[in-house]
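Participant: Next up is a structure, given as structure tokens.
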2 protein chains.
Amino acid sequence: MKKKKGMQSFILPNHPRIVSSSAVVGKKEGEGPLGSYFDSVCEDDTLGLESWERAESMMLEQAARKALSKIGKTPEEIDVFMGGDLLSQIISAGFAARELRSPFLGIYGACSTMAESLIIASMLTDGGFADIAVCGSSSHFSSSEREFRYPLEMGTQSSPTAQRTVTGSGAAVVASVEADLETAVYGYIAVTGGTIGRVCDYGITDASNMGAAMAPAAASTICAHLAENVIEPGYYSRIITGDLGRFGTQMLYELCYEKGFDIENVHDDCGLMIFSNEQKVMCGGSGCGCCASVLCSVLLPMIESGDLERVLFTATGALLSPLSSLQGESIPCIAHAVVLERISL
Amino acid sequence: MKKKKGMQSFILPNHPRIVSSSAVVGKKEGEGPLGSYFDSVCEDDTLGLESWERAESMMLEQAARKALSKIGKTPEEIDVFMGGDLLSQIISAGFAARELRSPFLGIYGACSTMAESLIIASMLTDGGFADIAVCGSSSHFSSSEREFRYPLEMGTQSSPTAQRTVTGSGAAVVASVEADLETAVYGYIAVTGGTIGRVCDYGITDASNMGAAMAPAAASTICAHLAENVIEPGYYSRIITGDLGRFGTQMLYELCYEKGFDIENVHDDCGLMIFSNEQKVMCGGSGCGCCASVLCSVLLPMIESGDLERVLFTATGALLSPLSSLQGESIPCIAHAVVLERISL
């Protein structure tokens with residue numbers, strides 16, 4: 001058994017590995033501190049298409065195609081494409097899957113989707129059900145504002161706790177040891193384990209304060225991971241969260257500290273990495289595409305180079321909908337985590 | 001390798017099995033020909049709650065709890081709950097997962113969600129990552145009308161090709177051979193294999209004609225399954241689709257026939273089983289909860305009793321959103337299939 005009874009954490013003994021990745025982002029993300037790492041920066045966030053939603057789907061498709069082309073593969077050659085996005089009925093991923101024509105498994109974990117996809121893809125690969133699986137996730141500032149907040153034309157001011165949804169996509173190729181590969185972008189970045197999240201809800205109803213809503217879920221999963229595996233935060237070079245932002249990150253530190261883990265010195269948040277203070281994005285970046293694009297452009301190469309030896313990649317998602325907010329429901333949140341480490345065989 | 005290169009079909013050599021199930025439906029479904037088979041029929045489709053959305057989530061939670069209670073288990077004892085629904089950002093499943101407090105993986109495959117969940121749960125169980133997984137899916141007539149069509153208060157007439165979204169939920173418990181179980185509802189109903197769908201899009205844009213949109217996806221997956229496994233339709237006691245309805249079923253027969261498979265004599269559609277002609281639901285039932293509730297109340301007991309020896313359970317999903325329809329996009333569809341059969345060890 002690769003998962004102990006009553007525990008959320010699991011191990012992947014057959015060491016599925018990430019062999020390639022790609023990230024495509026928008027203009028503002030390209031102007032940020034990580035700008036030079038992305039595979040492609042779109043100067044026009046419509047990509048010349050008729051809607052932001054089409055553009056978002058196209059960015060996800062491009063990331064998947066690029067990640068595959070780096071290892072000389074086409075979408076026809078993969079076993080499964082899986083992923084999702086923030087839009088209703090995950091249309092970005094669904095429409096991208098239509099173009100890719102690969103077998104498709106749609107996933108919804110809000111901004112935790114990239115980690116959730118990596119968990120499922122790694123389990124399927126470890127279990128012998130796939131040799132090559134592509135995980136992808138995307139978000140788009142303008143499509144998200146339309147979906148969750150106000151029409152952009154209104155020019156509504158952001159609240160101080162708000163985060164800016166990242167326009168971007170990331171795709172990672174997970175392969176089994178047996179996969180028929182001629183080349184790989186990364187030597188051996190294995191997904192060696194992880195932790196499946198439980199839904200947490202502290203009763204927060206403010207959809208402009210996602211960091212506060214999601215921090216308890218991140219703390220729950222990170223602390224469960226550390227406790228179940230009997231390790232300290234320092235076991236990881238970095239514990240990376242998806243998009244807690246400035247406010248949520250502080251809350252995460254407090255919540256973990258209360259549970260006996262001081263993670264502050266080993267923690268980074270993709271939402272804080274992707275934009276600089278000068279870019280005026282309030283509490284940082286957010287969205288499925290935030291941690292997906294940072295993982296696929298910055299984190300994986302840092303693991304490959306040895307700058308990071310072992311990473312706990314933890315993405316949090318807020319499982320609200322525009323309707324649930326209007327109906328006054330609080331925001332249930334979830335966090336999923338995967339362990340990424342460079343290993344030598 | 002449990003999945004051959006370039007193929008969509010897979011096998012599950014460790015024979016994960018379905019050990020329990022439960023279905024909760026609404027009043028109209030209870031009045032239909034399958035009424036006596038459901039575990040629970042809700043006389044009030046709000047369940048006394050403030051919104052249809054809350055009621056839908058509660059029905060899913062109830063189905064999961066009932067399925068588990070039949071085998072003396074609680075949600076705290078399972079490895080993972082997975083599933084989804086039709087609402088934006090799968091709030092029914094997300095909110096149900098919050099109450100169940102199990103590790104949760106959110107899935108989105110529209111009306112194919114039950115089959116997609118069974119695929120992933122079976123792979124995770126077969127691969128050793130879960131001993132007990134619960135798959136669940138739900139839909140609600142009133143919440144779906146609000147989500148995808150018109151306010152019910154308008155009293156809009158249905159078009160002749162329309163189907164009625166089923167108010168109902170189904171949950172099935174998938175267990176490994178090693179699972180620590182004292183009892184089981186079913187002797188040994190194994191999930192022995194299946195086929196992951198590809199997205200199909202024939203350019204249909206009419207959201208009131210889902211059967212026609214989804215039939216090509218069903219044909220694609222069923223024919224891929226038969227061809228890849230080199231079997232004829234008669235290999236199955238029944239090939240069951242989710243909710244193609246009257247019109248979509250006819251189209252499915254034609255499309256399969258064109259590909260060399262005559263499935264008419266072995267095919268049933270849950271959307272046609274759940275309502276009678278007298279109930280005036282136009283082309284039949286639809287929704288995630290349609291095939292989920294029929295599977296969990298009628299089909300599994302029929303496999304258990306030997307009335308059905310071997311079933312290809314194929315659920316189709318239309319991957320549209322209200323927004324994509326308004327933007328004039330066509331409706332990409334997908335179908336996933338699992339093989340269910342009673343085996344003796």
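Participant: If you scan segment B:70-87, which residues turn out to be surrounded by 22 or more Cβ atoms within 10 Å (Cβ to Cβ) and not hydrophobic (A, V, I, L, M, F, W, C)? Can you show your working first?
Facilitator: At the first step, the residues of segment B:70-87 found to be surrounded by 22 or more Cβ atoms within 10 Å (Cβ to Cβ) are B:73, B:78-87.
Within segment B:70-87, B:Lys73, B:Asp79, B:Gly83, B:Gly84, B:Asp85 qualify.
Participant: Follow-up. Any residue at all in segment B:271-279 that's away from chain A (no Cβ under 14 Å) and under 30 Å from A:Ser57 (Cβ atoms)? Before the answer, list the steps.
Facilitator: First pass over segment B:271-279, keeping only residues away from chain A (no Cβ under 14 Å): B:271-279.
Right, trim to under 30 Å from A:Ser57 (Cβ atoms) and you get B:271.
Checked segment B:271-279: at least one residue is away from chain A (no Cβ under 14 Å) and under 30 Å from A:Ser57 (Cβ atoms).
Participant: Turning to a different aspect of this structure: Among residues belonging to segment B:103-117 that are touching a His at 6+ places or on another chain (Cβ under 8 Å) and part of a helix (DSSP H, G or I), point out the one that is surrounded by the most Cβ atoms within 10 Å (Cβ to Cβ).
Facilitator: Once the filter is applied, the top-ranked residue is B:Ser112.
Participant: Kindly provide the set of residues from segment B:269-292 that are under 20 Å from B:Ser237 (Cα atoms), in a helix (DSSP H, G or I) and open to solvent by less than 10 Å² (accessible area, probe 1.4 Å), ordered by number. Before the answer, list the steps.
Facilitator: First pass over segment B:269-292, keeping only residues under 20 Å from B:Ser237 (Cα atoms): B:269-274, B:291-292.
From what is left, the residues that are in a helix (DSSP H, G or I) are B:270-273, B:291-292.
The answer is B:Cys270, B:Gly271, B:Cys291, B:Ala292.
Participant: Would you please name the residue that is farthest from the other protein chains (Cβ to nearest Cβ), looking only at residues in segment B:125-163 that are touching a strand residue (DSSP E or B) at 6+ places or on another chain (Cβ under 6 Å) and either open to solvent by 30 Å² or more (accessible area, probe 1.4 Å) or in a helix (DSSP H, G or I) (or both)? Can you show your working first?
Facilitator: As a first pass, look at segment B:125-163 and keep what is touching a strand residue (DSSP E or B) at 6+ places or on another chain (Cβ under 6 Å): B:125, B:129-130, B:132-139, B:141, B:144, B:163.
Next, from what is left, pick out any that are either open to solvent by 30 Å² or more (accessible area, probe 1.4 Å) or in a helix (DSSP H, G or I) (or both): B:125, B:141, B:144.
Details: B:Thr125: 9, B:Phe141: 16, B:Ser144: 12 Å.
Within segment B:125-163, the match that is farthest from the other protein chains (Cβ to nearest Cβ) is B:Phe141.
Let's see how each residue does on (1) within 13 Å of the chain's Cα centre (by Cα); (2) more than 30 Å from B:Phe10 (Cα to Cα):
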site	(1), (2)
B:Ala110	yes, no
B:Ile119	yes, no
B:Ser122	no, no
B:Asp131	no, no
B:Ser139	yes, no
B:Glu147	no, yes
B:Gly155	no, yes
B:Thr165	yes, yes
B:Ala171	yes, no
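Participant: Right, here's the next one. State whether one or more residues within segment A:36-56 are within 11 Å of another protein chain (Cβ to nearest Cβ), open to solvent by less than 20 Å² (accessible area, probe 1.4 Å) and over 18 Å from the mean Cα position of the chain (by Cα).
Facilitator: yes
Participant: Looking for something open to solvent by 50 Å² or more (accessible area, probe 1.4 Å), more than 10 Å from chain A (Cβ to nearest Cβ) and not hydrophobic (A, V, I, L, M, F, W, C) - is there at least one such residue anywhere in segment B:4-11?
Facilitator: Pass one, segment B:4-11, residues open to solvent by 50 Å² or more (accessible area, probe 1.4 Å): B:4-5, B:7, B:11.
Keeping just the survivors that are more than 10 Å from chain A (Cβ to nearest Cβ) gives none.
For segment B:4-11, residues open to solvent by 50 Å² or more (accessible area, probe 1.4 Å), more than 10 Å from chain A (Cβ to nearest Cβ) and not hydrophobic (A, V, I, L, M, F, W, C): absent.
Participant: For segment B:164-171, state whether one or more residues are at pLDDT 90 or above and closer than 19 Å to B:Thr205 by Cα.
Facilitator: Within segment B:164-171, the first condition is being at pLDDT 90 or above, and the residues that meet it are B:164-171.
Filter once more, keeping what is closer than 19 Å to B:Thr205 by Cα: B:164-165.
For segment B:164-171, residues at pLDDT 90 or above and closer than 19 Å to B:Thr205 by Cα: present.
Participant: Go through segment B:123-138 and give me each residue that's of a type outside the set (A, V, I, L, M) and in contact with a Lys or Arg (Cβ under 9 Å, 6 or more places away or on another chain). Reasoning before the result, please.
Facilitator: Of the residues in segment B:123-138, the ones of a type outside the set (A, V, I, L, M) are B:125-129, B:131, B:135-138.
Scanning segment B:123-138 gives B:Thr125, B:Asp126, B:Gly127, B:Gly128, B:Phe129, B:Asp131.
Participant: I've got another one for you. (1) within 14 Å of chain B (Cβ to nearest Cβ); (2) surrounded by fewer than 23 Cβ atoms within 10 Å (Cβ to Cβ); (3) assigned to a helix (DSSP H, G or I): which one isn't true of A:Gly328, the others all being true?
Facilitator: (3)
Participant: Where residues in segment A:73-93 are small (Gly, Ala, Ser) and in contact with a Ser or Thr (Cβ under 6 Å, 6 or more places away or on another chain), which of them is nearest to the other protein chains (Cβ to nearest Cβ)? Spell out how you get there, then give the answer.
Facilitator: In the first step, residues of segment A:73-93 are kept if they are small (Gly, Ala, Ser); the result is A:83-84, A:88, A:92-93.
Those left that are additionally in contact with a Ser or Thr (Cβ under 6 Å, 6 or more places away or on another chain): A:83-84, A:88, A:92.
Details: A:Gly83: 10, A:Gly84: 6, A:Ser88: 4, A:Ser92: 10 Å.
My answer is A:Ser88.
Participant: Across segment B:220-241, what is the number of residues that are under 22 Å from A:Ser102 (Cβ atoms) and open to solvent by less than 30 Å² (accessible area, probe 1.4 Å)? Show your work before the answer.
Facilitator: Taking segment B:220-241 as the starting set, the residues that turn out to be under 22 Å from A:Ser102 (Cβ atoms) are B:220-229.
Right, trim to open to solvent by less than 30 Å² (accessible area, probe 1.4 Å) and you get B:220-226.
So the answer is 7.
Participant: Go through B:Ala121, B:Ala96, B:Ala63, B:Ala67 for me and flag whichever is within 10 Å of chain A (Cβ to nearest Cβ), of a type in the set (Gly, Ala, Ser) and open to solvent by less than 10 Å² (accessible area, probe 1.4 Å).
Facilitator: Values: B:Ala121 fails: within 10 Å of chain A (Cβ to nearest Cβ); B:Ala63 fails: within 10 Å of chain A (Cβ to nearest Cβ); B:Ala67 fails: within 10 Å of chain A (Cβ to nearest Cβ).
The match here is B:Ala96.
Participant: Continuing with the same structure: Between a first residue in segment B:314-339 that is free of Cβ contacts under 8 Å to residues at least 60 places away in the same chain and a second residue that is β-branched (Val, Ile, Thr), which pairs have beta carbons less than 9 Å apart while being 6 or more apart in sequence or on different chains?
Facilitator: These pairs meet every condition: B:Leu323/A:Ile91; B:Ser324/A:Ile91; B:Ser324/B:Ile331.
Participant: How many residues, within segment A:58-80, are touching a strand residue (DSSP E or B) at 6+ places or on another chain (Cβ under 7 Å) and closer than 9 Å to A:Ala171 by Cβ?
Facilitator: Of the residues in that region, 7 qualify.
Participant: Moving to a separate point now. Scan segment A:189-219 residue by residue and report those that are open to solvent by less than 40 Å² (accessible area, probe 1.4 Å), outside any helix (DSSP H, G or I) and under 21 Å from A:Glu116 (Cα atoms).
Facilitator: Of everything in segment A:189-219, those that are open to solvent by less than 40 Å² (accessible area, probe 1.4 Å), outside any helix (DSSP H, G or I) and under 21 Å from A:Glu116 (Cα atoms) turn out to be A:Ile189, A:Ala190, A:Val191, A:Thr192, A:Gly193, A:Gly194, A:Thr195, A:Ile196, A:Gly197, A:Val199, A:Cys200.
The values are calculated or read from the model by the stated rules, or taken from the named source; none is laboratory data. It should be emphasised that the depicted structure is a prediction, and the values quoted were computed from it without experimental measurement. Because the Cβ atoms are built from the backbone with ideal geometry, glycine has one as well, and the counts that use them run over all protein chains shown. Surface areas here come from the heavy atoms of the whole protein model, side chains and all, with no ligands, DNA or RNA. Shrake-Rupley method; radii C 1.70, N 1.55, O 1.52, S 1.80 Å.
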